[in-house]
Amino acid sequence: MNEVQLADRVSAVRAFNRLYTGVIGVLDEGPADAEYSLPEARVLFELAHQDPLPVTDLRKRLDLDAGYASRLLTRLEARGLIVRERSDEDARRQLVRPTAAGRDAFAVLNRRSTEQIAGLLRRFADEDQQRLLTAMRTIGDLVGDRRRDPALVLRPPRPGDFGWVVERHGALYAREYGFDARFEALVARAVAGFAESHDDPRQAFWIAELDGERVGSIGCGRGSGEHTAQLRLLLLEPSARGHGVGKRLVAECVEFARAHGYRAMELWTMSVLTAAHALYRTRGFELVAEEPDDGFGPALTRQFWRLAF
């Protein structure tokens, strides 16, 4: 990235910050003309979710220095919203808890915030709401602390999923391996085959989601013989790596084939896809043949793998 590109990206981030600051000004639990300031509202929020809360923990969560935190808590205490007390276990530790009035105040603020955010979301159609939430999750994943245990779900395809599989294969393989449009065309034909045979009981397709976001796919189709299945269209988004998604997808596909009477499973892949090879070996696949292949742009080696049940 050169300096011009960096400057353009800095400008884009600053423009987003100005836009989002305006949105936050509308949605904050404690706007300027409200009874409570934003810091006061944030304290009430934290206390509503942990009662009592050590003052040191509160300061860390809200990134407050000791002096400002003390003045803030003094104001809330004077208004009868919180009480401070010494810990029974360690007299050096000070605890803070909400009073009944503090809990009532939080309930009002929480209801107001919910109504404001719901009003914002109602401005958009359902599809645009999903796009907004996905973008928010992306920002959170990149600049925040990503959860170590996001919820993984494998499900059948829904309308729009097959188009996503084609698009993501094309974009990812072009970016990471230099594949050209012929690869995307191949994926489109394979996806069309699954879509057209959706009522075939011996074929299946799965979409993987992490916390509701699509991050992967795999299909089990008919292979070269009546008793041989084929593993196809394994896809894993970079953001999903390290969460066991690929392992779960391959396991689901293999177990489906085994349960539906197949005696073996085959697949073809490229030699550069070393991460996928590790998944296949873990499930017992063996490399049985190789051949040169330049059908997608770069000079590559096509590999054929097989697993007997």
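Placing unit charges on the Cβ atoms of the charged side chains and taking the dipole of region 152-308 about its Cα centre, the candidate lying farthest along the positive direction among 170, 308, 297 is 308. Please compute the per residue accessible area over the chain with all protein chains in place, 1.4 Å probe, rounded to a whole number of Å². Solvent-accessible surface per residue comes out at 59 Å².
Report, in deg cm²/dmol and to the nearest 500, the calculated mean residue ellipticity at 222 nm for the chain, where each DSSP H run with n ≥ 4 adds -39500 (n - 2.57) and the sum is divided by the residue count.
Numbers: 10 runs with 155 residues, N = 309.
Rounded to the nearest 500, it is -16500 deg cm²/dmol.
For the chain, the dipole from Cβ point charges (+1 on Lys and Arg, -1 on Asp and Glu) about the Cα centre works out to 480 debye, to the nearest 20. Highest GNM mean-square fluctuation among 169, 49, 198, for the chain modelled with Cα contacts below 10 Å: 49. Note that region 77-83 has calculated 3J(HN,Hα) couplings of 5, 5, 8, x, 9, 9, 10 Hz, one per residue in order, obtained from phi through the Karplus relation 6.51 cos²θ - 1.76 cosθ + 1.60 (θ = phi - 60°); glycine and proline are x.
Each residue was assigned an accessible area with a 1.4 Å probe, and for residue 51 the value is about 80 Å². Rolling a 1.4 Å probe over the protein heavy atoms of the chain, with every protein chain left in place, gives an accessible area that is 52 percent carbon and sulfur.
Rounded if a/c is under 1.5, else prolate if a/b is larger than b/c, else oblate: which is the chain, with a ≥ b ≥ c the root eigenvalues of its Cα gyration tensor?
Details: a/c = 2.67, a/b = 2.27, b/c = 1.18.
Prolate is the answer for the chain, as a/c is 1.5 or above and a/b outweighs b/c.
Starting from the Cα gyration tensor of region 152-308, take the square roots of the eigenvalues, sort them a ≥ b ≥ c, and report rounded, prolate or oblate (rounded when a/c is under 1.5, otherwise prolate if a/b is larger than b/c, else oblate). Intermediate values should be presented prior to the final figure.
On the way: a/c = 1.29, a/b = 1.04, b/c = 1.24.
Taking the square roots of the gyration eigenvalues as a ≥ b ≥ c, region 152-308 is rounded.
Here the 3J(HN,Hα) profile of region 114-121, calculated from phi with Karplus coefficients 6.51, -1.76 and 1.60 at θ = phi - 60°, is 4, 5, 5, 5, 4, x, 5, 5 Hz, Gly and Pro shown as x.
The string of couplings for region 45-52 from the Karplus curve (6.51, -1.76, 1.60, θ = phi - 60°) is 5, 4, 5, 5, 9, 8, 9, x Hz, one whole number per residue in order, with x for Gly and Pro.
The values are calculated or read from the model by the stated rules, or taken from the named source; none is laboratory data. Predicted model, so just to flag it, every value in this text is computed and none were measured. So basically every Cβ, Gly included, is an ideal-geometry build from the backbone, and we count neighbours across all protein chains shown. These area figures cover heavy atoms from the full protein model, side chains too; ligands, DNA and RNA do not enter into them. Shrake-Rupley method; radii C 1.70, N 1.55, O 1.52, S 1.80 Å.
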